[in-house]
Ligand SMILES: Nc1ncnc2c1ncn2[C@@H]1O[C@H](COP(=O)(O)OP(=O)(O)O)[C@@H](O)[C@H]1O
Ligand SMILES: [Mg+2]
């Protein structure tokens with residue numbers, strides 16, 4: 001039971017990451033692998049504030065989100081000038097930079113030693129100390145993020161994002177400054193990733209840089225692509241499948257240890273198979 | 001007075017001079033044909049006028065904007081210009097309806113974030129889609145339309161802009177006869193509504209039928225201009241088309 005709750009919490013966190021990344025990759029058609037950086041910024045900001053101050057979880061999380069927004073704005077200013085392969089390469093650069101900051105700014109982050117002893121969140125006097133309580137918090141936040149993403153996707157703004165994906169130069173001729181749209185969706189998405197980071201830090205109570213590498217970005221990208229580009233329910237499905245993957249493998253008879261190691265291998269193989277036979281993802285509407 | 005004017009406009013691609021010191025004027029509320037052999041710079045002219053390509057020399061005047069040396073694509077609607085593309089450029093993996101709705105909604109990021117389309121916008125989209133007989137196809141993806149339907153959708157998208165000046169790059173190319181009739185009806189209708197149309201077209205019968213004025217380009221320069229009957233009968237124009 002405890003383990004099921006653990007999986008449910010992880011699912012919520014990765015679903016938030018997948019939904020928010022889908023706004024950039026699926027809707028806007030920009031292949032970003034910077035997501036782990038904002039996830040990490042949210043996690044580190046929340047962890048440090050919870051450890052060093054007594055402003056509480058909500059305030060710490062909020063500061064983490066604002067910090068992610070500011071940094072996303074600056075990075076986005078640069079990235080939004082690119083498209084296609086250059087965008088992907090540029091975003092890779094920023095993810096690597098963020099990782100080395102987490103790793104090397106030892107005075108603040110304690111580098112590879114990580115930050116232990118992050119207090120469990122307490123909101124309005126309720127302490128989310130057990131998995132059963134935490135899963136409620138995570139689910140509430142996931143639902144809020146899902147509806148926020150849906151509002152964005154169904155708004156006029158969301159429609160413009162899709163035209164940027166389809167033909168950015170053409171939509172400009174109809175009077176849109178696409179740079180501002182790309183920048184805005186990037187900042188919104190980064191803020192959501194920071195929310196996931198806050199949840200993660202408060203749940204796991206120990207973070208270190210190894211969680212926030214480019215591989216983590218690729219894992220979230222796999223969630224988005226597996227579930228389906230420009231389909232929010234697809235991101236939920238993708239998160240569910242990839243989080244459950246080791247369990248599924250164990251269920252079909254792999255021994256526990258190997259199942260864990262097979263995870264990366266299987267999701268890599270799954271991505272390749274997907275590109276070959278179903279490039280739009282399981283329930284996606286759009287091909288990369 | 002002309003609503004759109006180029007002065008000594010020059011556009012080069014590396015070695016090629018696609019437009020060479022071109023000075024032309026387009027009269028308001030008329031249909032002006034632009035003809036000329038392939039490679040004479042017609043499409044490049046429209047690309048320059050719609051800000052999709054920078055130009056090296058000369059200037060452009062449009063509506064009240066004088067002496068433009070740089071044209072930004074996003075300002076094109078402010079100048080009252082809209083266009084179609086010779087090589088169709090739709091938002092392919094979006095529905096027919098969304099291809100129209102997107103040019104009707106708010107341009108500002110924050111207004112757009114909180115905007116859901118209204119019944120009023122939907123009605124506007126319905127009107128232009130009915131004009132090209134695509135309303136029934138509104139929920140199809142643009143990529144799944146036939147070639148002719150895709151051309152018509154581009155025209156509908158331009159119509160939805162309700163601009164003053166329509167730059168149409170070979171809108172009839174590859175259309176079946178009844179679609180040609182639809183498009184020529186739309187173009188006549190635009191003129192009746194006091195719009196200005198610039199029409200690139202190779203079919204001289206359509207030019208004669210529709211245009212008040214025709215501009216002939218050859219090798220990036222102005223070869224001749226005037227009323228279609230006279231200009232299309234000129235020896236140098238016929239020679240340019242047939243090859244000397
Ligand atoms: N993007 C481009 N890059 C390089 N050369 C181009 C480009 N677009 C057009 N040209 C060249 O400019 C000339 C005019 O082309 P274009 O304007 O397409 O002619 P038209 O529309 O009259 O057939 C041609 O020689 C063509 O090869
Ligand atoms: Mg052409």
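Pairs linking a residue in the range B:33-49 that is within 26 Å of residue A:172 (Cα to Cα) to a residue that is in a helix (DSSP H, G or I) and within 8 Å of ligand 2 (Cβ to nearest atom), with Cβ atoms under 6 Å and 6 or more positions apart or on different chains, are B:34/B:42. Number of residues in the range B:215-225 that are more than 16 Å from ligand 2 (Cβ to nearest atom) and either under 18 Å from residue B:29 (Cβ atoms) or at pLDDT below 90 (or both) equals 1.
Return yes or no: is residue A:230 at pLDDT below 95, outside any helix (DSSP H, G or I) and more than 8 Å from every other protein chain (Cβ to nearest Cβ)?
On the way: at pLDDT below 95: yes; outside any helix (DSSP H, G or I): yes; more than 8 Å from every other protein chain (Cβ to nearest Cβ): yes.
Criteria met by residue A:230.
When the residues of the range B:89-118 are filtered to those that are surrounded by 22 or more Cβ atoms within 10 Å (Cβ to Cβ) and in a loop (DSSP other than H, G, I, E, B), the one that is nearest to the other protein chains (Cβ to nearest Cβ) is B:91.
Any chance you could count how many residues in the range B:46-61 are in contact with a strand residue (DSSP E or B) (Cβ under 6 Å, 6 or more places away or on another chain) and either within 16 Å of ligand 2 (Cβ to nearest atom) or within 30 Å of residue B:208 (Cβ to Cβ) (or both)? Result for the range B:46-61: 5. Looking across the range B:57-78 at every residue that is facing chain A (nearest Cβ under 10 Å) and surrounded by 16 or more Cβ atoms within 10 Å (Cβ to Cβ), the one that is nearest to ligand 1 (Cβ to nearest atom) is identified as B:73. Looking only at the range B:36-53, residues that are in contact with a helix residue (DSSP H, G or I) (Cβ under 9 Å, 6 or more places away or on another chain) and within 9 Å of ligand 1 (Cβ to nearest atom) come to 4 in all. For beta carbons closer than 8 Å, sequence separation of 6+ or different chains, a first residue in the range A:79-92 that is without any contact (Cβ under 8 Å) to a residue 40 or more places away in the chain and a second that is part of a helix (DSSP H, G or I) and buried (at least 18 other Cβ atoms within 10 Å of the Cβ), the qualifying pairs are A:82/A:90; A:90/A:79.
Can we say residue B:7 is assigned to a strand (DSSP E or B), over 26 Å from residue B:131 (Cα atoms) and within 16 Å of ligand 2 (Cβ to nearest atom)? Taking the combined requirement at face value, the residue does not satisfy it. A single member of A:200, A:219, A:186 is within 14 Å of chain B (Cβ to nearest Cβ), part of a helix (DSSP H, G or I) and under 30 Å from residue A:104 (Cα atoms), and it is A:186. The set of residues in the range B:139-163 that are within 14 Å of chain A (Cβ to nearest Cβ), surrounded by fewer than 19 Cβ atoms within 10 Å (Cβ to Cβ) and part of a loop (DSSP other than H, G, I, E, B) comprises B:139, B:140, B:162.
The values are calculated or read from the model by the stated rules, or taken from the named source; none is laboratory data. Just so it is clear, the model here is predicted, and its values are computed rather than measured. Note: ideal-geometry Cβ built from the backbone for every residue, glycine included; neighbour counts use all protein chains shown.
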